[in-house]
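**Q** Below is the structure I would like to discuss, written out as structure tokens.
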Amino acid sequence: MAAIELVQVTQSFDKHVVIPNLNLTIEDGKFTVLVGPSGCGKTTLLRMIAGLDAQSSGKILIGGKDVTHVAPGQRGVAMVFQNYAIYPTMSVRDNIEFGLKNNKVPKAERTRLVESISETVGLRPYLDRKPSTLSGGQRQRVALARAMVKKPSVFLMDEPLSNLDAKLRVQMRIELIELHKKLGSTFVYVTHDQVEAMSMADTIVLMNHGQIQQEAAPETMYRQPSNLFAAQFIGVPPMNVGDVGADGAKFGFRPESGVLSAERTDAHYAVRGTIATREMLGSETIYQVKSGPHAFMIKSAEDRFSVDQDVWLGVQADHLYFFGADEKRIDPGDARFGAYMTALKRASS
Ligand code: ATP
């Protein structure tokens, strides 16, 4: 087990700075998910931790030891990629055993390790099969097992589930959470999918343009986003945002906090609108409500409105968020919070 520290790490490619001066501590034994839009530098960060690329400047420590000049194989980390990197001509057993043979681990020990690890990832019945006869999820488990035999203190995973279909992805997410619990090692997982991040992480590290936007537990990131970017990246549909009408400030509310009704309610923010679209998803319905300059997404457990219908939209005061012109969330203790609340009440119909 090992914590990972990045101290003032910068990465540039051809003078183009991809990661400027990043400081991050990834806790020992935790499941940390690096999430952010395509190109924000997640893979770059993971490759530096693995030692596949050297950082331009700064220090990386694993388990308190500076690994800046330590080769990838000596860092005690294992990487699992999107493309499984398994050998198609070898059986599952040989694939898992391969690294052990290379490291001259004695035969009896190899057999014991392969059997115990294949049991952990549910591959025991498939040890003599070729990868081509396995499903995508089973192949991903072979890749995991290959990483596990090395008994790394850190697992680095780069979008390992993105080649799987939606149903299998959900199942593998649960398996990864269970695997993490069993192994107790440090997991660092890269994805651009915020649902994956929310469902698996102990800690989410949200990145944009090579910079950390917020580092928090999933529920904190959802309830107390540090800025507009975090508020709109996490959550489906994202947080609704509109202009307060003062100081360039914005207000926001989550789609499930908007309540639709035929008559006006006493909600703090109450506006008239028209249902523009309706998506019935089974247990919930997502409406798009056009109101003046705004198009708000509303998630409702009820499915009783239809397209083109005029409705009232209400949001209670304790479900409203405010963001300054600098896009940072304004704390309820801040003097501006009360002023913007009042402004919004006035903006209500
Ligand atoms: P994705 O989710 O699309 O994989 P990402 O967040 O993992 O994106 P990175 O792969 O880390 O993003 O890339 C970050 C930026 O660095 C991109 O603009 C990319 O083009 C650039 N980049 C990455 N590797 C190199 C390289 N070897 N040479 C030049 N530019 C690179």
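The values are calculated or read from the model by the stated rules, or taken from the named source; none is laboratory data. Since the structure is predicted, the reported quantities are computational estimates derived from the model, not experimental observations. So basically every Cβ, Gly included, is an ideal-geometry build from the backbone, and we count neighbours across all protein chains shown. Accessible surface areas use protein heavy atoms only, side chains included; no ligands, DNA or RNA. Shrake-Rupley method; radii C 1.70, N 1.55, O 1.52, S 1.80 Å.
**Q** Restricted to region 294-320, and to residues that are over 12 Å from Gly252 (Cα atoms) and among the hydrophobic types (A, V, I, L, M, F, W, C), which residue is most open to solvent (accessible area, probe 1.4 Å)?
**A** Ala301
**Q** Which pairs have Cβ atoms under 8 Å, sit 6 or more apart or on different chains, and link a residue in region 256-271 that is in the same structural domain as Val244 (by TED's automatic domain parsing) to one that is surrounded by 15 or more Cβ atoms within 10 Å (Cβ to Cβ) and assigned to a helix (DSSP H, G or I)?
**A** Going by the 8 Å Cβ cut-off, the qualifying pairs are Ser257/His319; His268/Met341; His268/Leu344; Tyr269/Leu344; Tyr269/Ala347; Val271/Ala347.
**Q** Here's another thing I want to ask about it. Is there a residue being within 16 Å of the ligand (Cβ to nearest atom) and in a strand (DSSP E or B) anywhere in region 61-78?
**A** No, there is no match, as no residue in region 61-78 is within 16 Å of the ligand (Cβ to nearest atom) and in a strand (DSSP E or B).
**Q** Hand me the list of strands (runs of 3 or more DSSP E) wholly inside region 130-225 holding 3 or more residues that are buried (at least 22 other Cβ atoms within 10 Å of the Cβ), of a type outside the set (S, T, N, Q) and touching a residue at least 60 places away in the same chain (Cβ under 8 Å).
**A** Details: elements: 154-158, 186-191, 203-208, 211-216.
Hits in region 130-225: 154-158, 186-191, 203-208.
**Q** Only one of these is part of a strand (DSSP E or B), at pLDDT 95 or above, open to solvent by 20 Å² or more (accessible area, probe 1.4 Å) and not aromatic (Phe, Trp, Tyr): Ala276, Ala270. Name it.
**A** Numbers: Ala270 fails: open to solvent by 20 Å² or more (accessible area, probe 1.4 Å).
The conditions single out Ala276.
Conditions tested, residue by residue: (1) farther than 30 Å from Ala216 by Cα; (2) among the basic types (Lys, Arg).
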site: Leu34; (1), (2): no, no
site: Ser56; (1), (2): no, no
site: Val77; (1), (2): no, no
site: Asn102; (1), (2): yes, no
site: Arg112; (1), (2): yes, yes
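**Q** Of everything in region 1-60, what is more than 13 Å from the ligand (Cβ to nearest atom), open to solvent by less than 20 Å² (accessible area, probe 1.4 Å) and within 18 Å of Thr191 (Cβ to Cβ)? Give them in sequence order.
**A** Ile4, Leu24, Ile26, Phe31, Thr32
**Q** I would also like to ask the following. Under the condition of being open to solvent by 70 Å² or more (accessible area, probe 1.4 Å) and aliphatic (A, V, I, L, M), which residue from region 321-349 is farthest from the chain's Cα centre (by Cα)?
**A** That would be Ala335.
**Q** Assuming Phe98 fulfils every condition listed in (1) farther than 21 Å from Leu183 by Cβ; (2) modelled with pLDDT under 95; (3) away from the ligand (no atom under 13 Å from the Cβ) apart from one, which condition is it?
**A** (1)
**Q** Restricting to region 122-160, and then to whatever is under 27 Å from the mean Cα position of the chain (by Cα) and either of a type in the set (S, T, N, Q) or not assigned by TED's automatic domain parsing to the domain that holds Thr89 (or both), can you tell me which residue is nearest to Leu176 (Cα to Cα)?
**A** The selected residue is Gln140.
**Q** Now, a different point. Please find, within region 306-345, the residue that is farthest from Ala231 (Cα to Cα) out of those that are touching a helix residue (DSSP H, G or I) at 6+ places or on another chain (Cβ under 6 Å) and β-branched (Val, Ile, Thr).
**A** First pass over region 306-345, keeping only residues touching a helix residue (DSSP H, G or I) at 6+ places or on another chain (Cβ under 6 Å): 315, 319, 322-323, 327, 330.
Those left that are additionally β-branched (Val, Ile, Thr): 315, 330.
Values: Val315: 17, Ile330: 12 Å.
Checking each candidate, the answer is Val315.
**Q** When the residues of region 235-257 are narrowed to those that are aliphatic (A, V, I, L, M) and out of contact with any Phe, Trp or Tyr (no Cβ under 6 Å at 6 or more places or on another chain), which ends up most open to solvent (accessible area, probe 1.4 Å)? First the steps, then the outcome.
**A** Filtering region 235-257 for residues aliphatic (A, V, I, L, M) gives 236, 239, 241, 244, 246, 249.
Filter once more, keeping what is out of contact with any Phe, Trp or Tyr (no Cβ under 6 Å at 6 or more places or on another chain): 236, 239, 241, 246.
On the way: Val236: 93, Met239: 5, Val241: 40, Ala246: 35 Å².
Only one residue fits best here, namely Val236.
**Q** Across region 79-92, which residue is most open to solvent (accessible area, probe 1.4 Å) among those that are part of a loop (DSSP other than H, G, I, E, B) and at pLDDT 90 or above?
**A** The first filter runs over region 79-92 and keeps only residues part of a loop (DSSP other than H, G, I, E, B), leaving 81-91.
Filter once more, so that each one left must be at pLDDT 90 or above: 89-91.
On the way: Thr89: 115, Met90: 46, Ser91: 17 Å².
The extreme case among them is Thr89.
**Q** Considering (1) without any contact (Cβ under 8 Å) to a residue 60 or more places away in the chain; (2) farther than 21 Å from Gln140 by Cα, say which one Asn95 fails and leave the rest.
**A** The one condition Asn95 does not meet is (2).
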